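Asks: The structure under discussion is supplied below as structure tokens; questions concerning it will follow.
The values are calculated or read from the model by the stated rules, or taken from the named source; none is laboratory data. No experiment lies behind these values; they were computed from the predicted model shown. Here Cβ is always computed from backbone atoms with ideal geometry, including for glycine, and neighbour counts include all displayed protein chains. Just the protein is used for accessible areas: all its heavy atoms, side chains included, with ligands, DNA and RNA removed. Shrake-Rupley method; radii C 1.70, N 1.55, O 1.52, S 1.80 Å.
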Amino acid sequence: MSLDSEDSPSPSFDRDWFFPSPSFIHQSPPKSHRRFSTTPKHSPGPKLSKSQSFRPSSSTPPAATSKYGILRRRVEFPRPLVKPSKQEQHDSFLDRKPVVPSEKKQSTEKVSSGPSVHRVRFGWNLTITVAIVITALASSVYKNFTLHNQVIDLQDQILKLNVTLRACNSLSNVDASDSVMQEIDDYDYGGDNGLKNLALIVSLTLLSIPVLAFKYIDFVSTSRSSGNIWEAVLLNKQLAYRVDVFLSVRPYAKPLALLVATLLVICLGGLAMFGVTNDSLADCLWLSWTFVADSGNHANTEGIGPRLVSVSISFGGMLIFAMMLGLVSDAISEKFDSLRKGKSKVVEQNHTLILGWSDKLGSLLNQLAIANESLGGGIVVVMAERDKEEMEMDIAKMEFDFKGTFVICRSGSPLILADLKKVSVSKARAIIVLAEDGNADQSDARALRTVLSLIGVREGLKGHIVVELSDLDNEVLVKLVGGDLVKTVVAHDVIGRLMIQCARQPGLAQIWEDILGFENCEFYIKRWPQLHGMQFEDILISFPDAIPCGIKVASFGGKIILNPEDSYVLQEGDEVLVIAEDDDSYAPAALPTVWRGSLPKDFIGPKSAEKILFCGWRRDMEDMIMVLDAFLAQGSELWMFNDVPEKEREKKLIDGGLDLSRLENIQLVNREGNTVIRRHLESLPLQSFDSILILADESVEDSAMQADSRSLATLLLIRDIQSKRLPMSNQVHGGSFSQGTWIGEMQQASDKSVIISEILDPRTKNLLSMSKISDYVLSNELVSMALAMVAEDQQINDVLKELFAEEGNELQIRQADLYLFEGEELSFYEVLLRARQRREIVIGYRVSNAERAVINPPAKSERRRWSLKDVFVVIAEKEWE
């Protein structure tokens with residue numbers, strides 16, 4: 001009989017629940033159901049009661065039992081209230097598939113929400129546990145102290161009774177009774193036990209408040225984070241942030257916190273001691289302070305309560321001492337670190353401030369030290385973006401005497417106003433902005449930003465600003481920003497013009513070095529009221545220790561006129577420009593008796609055409625060509641020898657503003673080659689040039705040592721080629737080097753042509769000057785001298801610019817036959833007055849057998865015999881054809 005038959009008796013409820021229908025047994029279950037099933041394949045089924053049996057009922061046929069006996073398996077099904085049919089069982093099994101993901105989602109939500117709820121419950125449990133422990137501890141301590149106080153009260157009563165008994169035995173003596181009563185009063189401690197207990201409870205409560213507060217904050221933060229997912233910052237993190245800001249922003253937050261902690265420990269400890277001892281509150285507070293100050297003072301304490309409290313106070317004192325030690329240590333470390341890194345403020349005034357760092361700094365500091373020597377020394381502050389210790393070490397290596405001048409170094413940027421205020425920029429009498437080594441445009445751009453920062457100082461500037469620029473084209477922009485407050489010195493332009501002047505007039509570089517440097521004579525401007533109303537011709541011979549060169553005219557807005565006319569009368573407010581050794585070394589005196597004579601000849605022969613060679617390429621080559629075209633005679637030649645291609649060379653000159661068609665006196669001759677290769681130099685007629693200028697090449701000007709090495713190699717090659725091309729009979733030289741040596745041959749070759757070398761590093765310049773194989777070496781040292789002179793007196797900048805310009809007055813070297821006859825005896829004043837007939841001012845001379853010129857000679861009234869081979873240094877107007 002089949003189980004599926006309708007006539008068959010129905011199986012029992014248990015069998016129907018445990019065994020599926022035959023159709024279900026023979027039907028293969030879906031694979032997706034096995035994948036998402038959460039019940040193991042052979043997991044035990046639900047437990048059955050003892051009344052339930054696995055055996056079939058008596059109404060079930062045996063065939064059916066044997067048919068399903070082999071395929072028995074425990075399958076979990078929901079137990080229905082009513083017996084389901086076969087089709088309903090099959091449908092209910094198939095309906096399980098879509099239910100599984102929903103159950104997984106619910107379980108996932110429960111899992112995700114479980115940890116937060118667990119943390120909240122754990123926080124509550126921990127808070128309640130801590131509160132219970134603190135309450136139990138406080139109750140135990142309170143009960144202990146209460147029993148202790150009761151014992152003390154009983155002891156006091158026993159003592160009082162004993163004293164009263166003794167008093168009854170001696171009633172006859174009244175004084176004894178009074179003393180007994182006084183003794184009774186002494187035993188009466190008068191302590192209010194209730195007040196002491198209150199003090200003890202208050203101290204314990206105050207100690208418990210921070211713990212409960214932190215637990216409450218943690219609970220609130222946890223509940224907020226679990227209840228609101230958009231709460232980004234927890235309450236405890238906000239509190240920690242506020243404390244961090246308070247300690248960081250407030251300068252005295254840490255000492256204040258330490259003070260509050262100390263007072264809190266003293267007060268709480270004093271209250272606790274007052275609750276466990278019979279001393280007064282003031283004595284307990286003092287005792288608490290002694291425990292905080294010295295943790296060893298609690299060793300003499302007696303009693304459980306006082307010992308427990310004293311140990312706690314001592315432990316708090318040790319923590320406070322550790323905090324104080326760390327705070328003091330950090331403060332001292334920060335102060336020394338600030339001093340070491342140069343972050344402290346410079347409290348100076350009337351000091352010289354140098355912003356930046358370059359190779360010119362050593363020469364600049366040397367000149368400033370010499371200038372301040374007459375004042376007993378001065379203060380020079382250097383601020384650069386370098387480490388303070390490195391700057392101090394580099395300055396200490398400089399080989400010159402500071403002559404009482406102190407150099408203070410600070411690390412900082414001149415573009416930041418806070419750093420400028422740190423060096424007292426508003427109180428400096430002069431501010432020097434050095435050009436950076438490297439690209440000229442970037443250096444000038446930084447100098448411009450520095451000037452903008454200086455102009456933006458709110459307090460204003462007391463002194464003037466001297467800015468070193470690398471490119472002449474950027475001078476207009478800096479002047480536009482700084483106005484009259486800024487004085488510019490274009491280093492590249494100064495060196496270029498000096499090289500041209502020195503190439504045309506050998507020996508002029510040494511004169512410029514004497515005038516620009518503070519070691520010899522320099523320019524000074526001062527007002528002399530006693531000279532008002534005198535003509536300039538008489539003023540020339542009024543200073544025994546100085547030579548007047550010009551007048552600062554007050555009526556022209558303070559304009560300086562170099563080499564004025566003899567008939568100019570000094571007006572009130574005018575100042576006299578002189579060349580003197582120092583600003584306090586000269587003064588006007590009575591007019592000397594001077595004999596005026598006539599000039600041997602009143603004309604200068606026409607200039608002859610010259611042949612000049614430029615070795616190398618500079619950024620301002622077009623400016624040098626224009627200056628040279630103004631100075632040289634017509635028909636002169638300028639040879640340019642460098643590795644720049646001719647087409648690119650012409651393009652650079654035109655882009656720089658040079659109009660080749662407007663050159664009147666010189667003709668350009670281009671030769672392409674490398675200045676450090678001998679065969680390239682041998683292709684040039686080196687022996688035919690009147691002067692040769694070795695320029696610091698633009699390609700290597702960023703590195704001073706590399707540029708100097710290239711210039712030195714070119715100089716040696718040119719001198720060697722010249723010496724080899726000279727006739728053998730002429731190779732005789734009476735110098736300090738022996739005949740036939742290579743240096744002797746090069747010195748002999750130097751007599752035939754003038755070579756001016758541009759050297760950037762002063763150390764290389766000293767080596768070349770000693771060998772005398774180059775007529776003179778021009779380096780950045782002259783730029784440093786000019787910067788120092790303008791820093792000391794900004795008015796000198798106008799004088800230097802006129803002497804360097806194409807128009808106006810310049811320094812020149814004149815032959816003696818223009819002013820005197822052979823063997824004629826004249827004083828320097830008399831030569832000076834004769835030169836005035838040519839509108840020239842004689843400032844010095846060089847005798848025929850001397851190597852250096854004498855500027856501002858002493859004993860100007862004494863006569864001496866002159867030679868026609870002597871030369872005079874004069875300030876005269878530039879000659880034009």
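Asks: With the full set of protein chains in place, find how many percent of the accessible area of segment 375-428 is carbon and sulfur; take the probe as 1.4 Å.
Replies: Numbers: 1460 of 2630 Å².
Of the solvent-accessible surface of segment 375-428, carbon and sulfur hold 55 percent.
Asks: Quick check: Cα centre of segment 516-571 to Cα centre of segment 786-819, how many Å?
Replies: First find each Cα centre; the distance between them is then 14 Å.
Asks: Filter the cross-link list Lys343/Lys397; Lys462/Lys878; Lys801/Lys860 down to pairs whose alpha-carbon distance in this structure exceeds 26 Å. Don't skip to the end; give the middle numbers.
Replies: Numbers: Lys343/Lys397 23 Å; Lys462/Lys878 37 Å; Lys801/Lys860 29 Å.
Listed pairs above 26 Å: Lys462/Lys878; Lys801/Lys860.
Asks: Going by average Cβ density within 10 Å per residue, which order do the peptides 838-850, 614-626 take, highest to lowest? Could you put the intermediate results ahead of the total?
Replies: Working: 838-850: 18.3, 614-626: 21.7.
Top of the packing list down: 614-626, 838-850.
Asks: Would you please classify the overall shape of segment 386-427 from the alpha carbon gyration tensor, given that a ≥ b ≥ c denote the square roots of the eigenvalues, rounded means a/c under 1.5, and beyond that prolate means a/b larger than b/c while oblate covers the rest?
Replies: Details: a/c = 3.85, a/b = 1.68, b/c = 2.29.
Note, shape of segment 386-427 comes out oblate.
Asks: Separate question: Given labels modelled 7 Å from the Cα in the Cβ direction, how far is it in nm from Ser248 to Leu165?
Replies: Result: 7.5 nm between the two label points.
Asks: What net charge is computed for the residues neighbouring Glu646, neighbours being all others with C-beta under 14 Å from the C-beta of Glu646, Lys and Arg scored +1, Asp and Glu -1?
Replies: Local net charge: +1.
Asks: Given H placed 1.01 Å from N in the peptide plane, which residues other than close sequence neighbours of Val754 have an amide H under 5 Å from its amide H?
Replies: Ser691, Ile692
Asks: Additional query: Please list 3J(HN,Hα) in residue order for segment 523-539, calculated via the Karplus relation 6.51 cos²θ - 1.76 cosθ + 1.60 where θ = phi - 60°; whole Hz, with x for glycine and proline.
Replies: 7, 9, 10, 8, 9, 10, x, 5, 9, 5, x, 8, 7, 5, 4, 7, 5
Asks: Under a point spin-label approximation (7 Å from Cα along Cα-to-Cβ), what is the Lys647-Asn439 distance to one decimal in nm?
Replies: That separation, rounded to one decimal, is 2.7 nm.
Asks: Right, next: Residue by residue through segment 718-724, which ³J(HN,Hα) values in whole Hz follow from phi under the Karplus form 6.51 cos²θ - 1.76 cosθ + 1.60 (θ = phi - 60°), with glycine and proline marked x?
Replies: 5, 5, 5, 5, 5, 5, 6
Asks: Please give the FRET efficiency for Glu825 paired with Arg763, using the beta carbon to beta carbon distance and R0 = 45 Å, rounded to the nearest 0.05. Walk me through the numbers on the way to the answer.
Replies: Details: r = 45 Å, r/R0 = 0.99.
According to the calculation, E is roughly 0.50.
Asks: Taking H as built 1.01 Å from N, whose amide H comes closer than 5 Å to the amide H of Leu469, not counting residues under 5 places away?
Replies: Val489, Val490, Ala491
Asks: Put one equal scatterer on each alpha carbon of segment 484-633, apply the Debye formula with no solvent term, and list log10 I(q)/I(0) at q = 0.13, 0.20 1/Å to two decimals.
Replies: -0.86, -1.26
Asks: Could you tell me the distance between the Cα centroids of segment 634-697 and segment 447-469, to the nearest Å?
Replies: 39 Å
Asks: Apply the Karplus curve 6.51 cos²θ - 1.76 cosθ + 1.60, θ = phi - 60°, to the phi angles in segment 806-817 and return the couplings in whole Hz, x for Gly and Pro.
Replies: 6, 10, x, 9, 8, 7, 9, 10, 10, 6, 5, 5
Asks: Could you give the length gained on full extension between Glu862 and Phe336, defined as 0.36 nm per residue of separation minus the Cα-Cα distance, in nm? Could the numbers behind the result be given before it?
Replies: Working: separation 526, 0.36 × 526 = 189.36 nm, distance 6.24 nm.
So the extension gain works out to 183.1 nm.
Asks: Could I ask something else about it? Report the equivalent ellipsoid semi-axes for segment 773-842 in whole Å, largest first, defined as the square roots of five times the eigenvalues of the gyration tensor built from alpha carbon atoms.
Replies: Values: eigenvalues 182, 61, 29 Å².
Computed over segment 773-842, the values are 30, 17, 12 Å.
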